[in-house]
Structures are given as structure tokens and as C-alpha cells.
Amino acid sequence: MRCKPATLAARLRLNLIGAAALMLLCSACGDGIPKDRGDDDDDPPPQSTAMTVFAGDASVNGTMDGTGTAARFNNPRGLAIDADGNLYVADTGNATVRKITPAGVVTTMAGAAGMTGTANGSAANARFENPVAVAVNKDGTVFVADNRNIRSITTGGQVSTYSTLPIGTGVAPGSIPDVAAGALALDADGNLFITNAYGSRRLAPNKEFVMMEGQSVVNGLSGTRQLLPRGVATDANGNTYLYDLDGRISKWALTSFNTMTLTGLAGAPGTKGAANGTGTAARFEQVVGLTVDPKGNVYAADTTNNLVRKITPAGVVTTLAGTTRANVLTPGGLPGSLAEVRGIVTDGKGNLYVTSGNAIVKIVLP
């Protein structure tokens, strides 16, 4: 029997009302109608690890160019990064400067592995004594802290001596590590910032030195000294951060009186350790490298502790990576552990690169 039009319309209305009620009920449950999981359904992508080996092998030294973990370094120290994301490495044990592309391809930029000296000239013929730190300017020129000398490498591969730190009288050969440059930084105006064991200074493009702290020369140095780099870094606002002679992270900034003043940001004078905290409550062991992100956060390579520390603009110190006094690289989720840390740089995009053992480690910031 055929339904009358009025009866059919009523049934359609009831069906619509029922469907709407079912949809409302499922929506209240949060995820709609549950679906059986099939064997062909893909698993959600795993969370990427926070700390990975970008190049080299932390526990194996060598001189090999190559890609990623196929490359080899020998006690690398300082790091720098250019606008294109290329890394530059002071490969101290090999007496060379290395370049790493964003794809992890490692090449030797200047010097020859195992051959030391102070020869200038083309990249392959140049020689370095003890390259420990690097900085790169906007034109791609790389500056290298090489004992007392600041060397430069052009984009064409020509190496020259840019400047030399002054030396006092009566300095024994074994004491030269106190005079040697330990860390480098560059600002947007082309000023170089250099630290050594007894002072920190700015080297202007006209080659004039301005002391930030300490002394320009020390006389009568005797005995055998060990190089203890003190990290230094600059930000986009013209501020300079350094691990100062008192063992603090300090900021060298322009005051309202148009003078530069060094002000403590974190750490306590003459007191070492690994404590987190705010301002003078924090402790560091030996900060050999510093870098600053676009938000003004400072990151420190705290050697001996083998930690990567974060210092906010308010002076709040936390540990990002590493386990205190551990000396074996354990990549994966943070904090993990690090082999000896010697250098650090940020790409300004949420990633840090750290020299750890004989490797360059990439840390994705939380």
C-alpha cells in the first residue's frame, strides 16, 4: 500500500530529528563515532629527539671530511654560524677550520690536519697553531682565534693575520696560554670581542683595542699555564655577554650616560658549581662558550660540568642539556648527557649546536 504524502513527510521529519539527536550525543562524547583501527592505519609520527649528532663521532677522533656521522674531528672547540646556516668549526686538534653545510656536509675550509704554524696564503697552504674559536661576519669572512693572533679567512679562501694581542714583558713560553685569545664574537658593526685569561677587549674595524675588563698586558708570567677560554657573545641590540673574570655571566651595555658598563647577570663572584637559580644564586664551573638568541636568552657551554645552561634576560638559570659531570654523549630526549662541551652557537630558529667530544651535536630547544 502506498503512503499518503502527509504520512511520508512525517516519517522524514522523525528520521531527521533522530539523526540530529545521534549527532548531538556523539559530539558530546568528544570524538564523534568511534572507528575500529585497521591494520593499515598509520601510527602517529614519533616525536623527534631533542639531541642528535649532527656531524662527527663524539668518541672517535680523526681528520675526515664527509657527511654527518661519517666525518671526523679532533677535539673541536668554537663554533660560528652564517646567515645561510653554514657552521664553522675551530677543529683544534687538527689545526684546521672546518665548514658544515645545513645538510651536514663537512669540508676543510683552511689549514692542513696535523700541520701547525702561522703561514698565511691560500686555504690549503695556510697553517694555524692552535685555533680555538671562530666568528663570521655578514660578508662571510671568518675570524679565528689562533693563540695571540686573530686570523681571517675570506670567502675566496685567503688566510691572513688580522690582528695580534699585545704581550707583556718577561712572559715565559709556557705561559703563552694566558695571553692567547680564548673566545671571539662579532657585532653588526664589525667589532670583534676577544677574551683571554686576564682581560676582555673590543677590537674595532680600525684595529684599535678598547678594554672591557681586566688588563691589556701582564708582565712577569712564568710557569706552565693551561688555556681556559671564557665565552663571549653579542646580540642584535649591541649588547655583549661574557663569562667574566669573576666567574659570572655579565652584560656589557650602553648606559643612559653613554658609557659602557659591565653588569652581572647570573652567577656569584669567585664561586663555582652547577646550581640553577636566579642571579647570584646560580653557579657555573667554566663557561667556555656563549650564544644569544633573538629573544635575548643566553646559552652557555659550561665545561667540566658538561652542561648547556640557559640564562633568561631576567637572570634565571636552568639546565637544558647534559648531566652534571657526565662525560659521555647520550643523545635523545633532553637533558641526556654530553661529552666535554667546548663551544656553542644558536641558529636563531630554535636550535643550538654544541661541540661535544669529537662531535657537533644539534639540540632542538623545547
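Brief remarks on what is shown
- Residue in region 3-11 that is modelled with pLDDT of 50 or more and of a type in the set (Lys, Arg) present: no
- Hits in region 258-272 (condition: outside any loop (DSSP other than H, G, I, E, B) and surrounded by fewer than 14 Cβ atoms within 10 Å (Cβ to Cβ)): THR261, THR263
- Residue within region 58-71 that is within 19 Å of the chain's Cα centre (by Cα) and of a type in the set (A, V, I, L, M) present: yes
- Unmet criterion (only one of (1) surrounded by fewer than 20 Cβ atoms within 10 Å (Cβ to Cβ); (2) assigned to a strand (DSSP E or B)) for VAL308: (1)
- Scope region 318-329; condition outside any loop (DSSP other than H, G, I, E, B) and without any contact (Cβ under 8 Å) to a residue 60 or more places away in the chain; matching residues: THR318, THR319, LEU320
- Residue ID - farthest from VAL89 (Cα to Cα), chosen from residues in region 110-125 that are open to solvent by less than 40 Å² (accessible area, probe 1.4 Å) and touching a Ser or Thr at 6+ places or on another chain (Cβ under 9 Å): GLY121
- The lone exception for GLY190 - which of (1) assigned to a strand (DSSP E or B); (2) closer than 22 Å to ALA83 by Cβ it fails: (1)
- Restricting region 340-366 to residues that are open to solvent by less than 20 Å² (accessible area, probe 1.4 Å) and in a loop (DSSP other than H, G, I, E, B), the residue that is nearest to GLU285 (Cα to Cα) is GLY357.
- Taken over region 94-123, the criterion of being in a loop (DSSP other than H, G, I, E, B), out of contact with any Gly (no Cβ under 8 Å at 6 or more places or on another chain) and among the hydrophobic types (A, V, I, L, M, F, W, C) is satisfied by ALA103, ALA113, ALA119.
- Within region 311-339, the set of residues being among the aliphatic types (A, V, I, L, M) and open to solvent by 40 Å² or more (accessible area, probe 1.4 Å) comprises ALA314, VAL316, VAL328, LEU334.
- Taken as a whole, the condition of being in contact with a strand residue (DSSP E or B) (Cβ under 9 Å, 6 or more places away or on another chain), of a type in the set (Gly, Ala, Ser), farther than 20 Å from ASP146 by Cβ and in a strand (DSSP E or B) applies to ALA253.
- Test: residue in region 209-230 that is within 16 Å of the chain's Cα centre (by Cα), modelled with pLDDT of 95 or more and not in a strand (DSSP E or B): yes
- Residue in region 44-54 that is over 20 Å from the mean Cα position of the chain (by Cα), aliphatic (A, V, I, L, M) and at pLDDT 50 or above present: no
- Hits in region 143-175 - residues which are open to solvent by less than 40 Å² (accessible area, probe 1.4 Å) and assigned to a helix (DSSP H, G or I): GLY174, SER175
- Restricted to region 86-107, and to residues there that are touching an Asp or Glu at 6+ places or on another chain (Cβ under 6 Å) and not basic (Lys, Arg), the residue that is most open to solvent (accessible area, probe 1.4 Å) is THR107.
- Subset tally (residues that are under 22 Å from ALA183 (Cα atoms) and either part of a loop (DSSP other than H, G, I, E, B) or over 16 Å from the mean Cα position of the chain (by Cα) (or both)) for region 124-142: 12
- Among the residues listed as GLY277, GLY289, the single one being surrounded by 17 or more Cβ atoms within 10 Å (Cβ to Cβ), in contact with a strand residue (DSSP E or B) (Cβ under 7 Å, 6 or more places away or on another chain) and small (Gly, Ala, Ser): GLY289
- Only one of the numbered conditions (1) among the polar types (S, T, N, Q); (2) touching a strand residue (DSSP E or B) at 6+ places or on another chain (Cβ under 6 Å); (3) surrounded by fewer than 20 Cβ atoms within 10 Å (Cβ to Cβ) is violated by ASN237, and that is (2).
- Residue in region 71-83 that is aliphatic (A, V, I, L, M), over 25 Å from ASP178 (Cα atoms) and open to solvent by 20 Å² or more (accessible area, probe 1.4 Å) present: yes
The values are calculated or read from the model by the stated rules, or taken from the named source; none is laboratory data. What you see is a predicted model; the values in this text were computed from it and never measured. So basically every Cβ, Gly included, is an ideal-geometry build from the backbone, and we count neighbours across all protein chains shown. These accessible areas exclude ligands, DNA and RNA; they are computed on the full protein's heavy atoms, side chains included. Shrake-Rupley method; radii C 1.70, N 1.55, O 1.52, S 1.80 Å.
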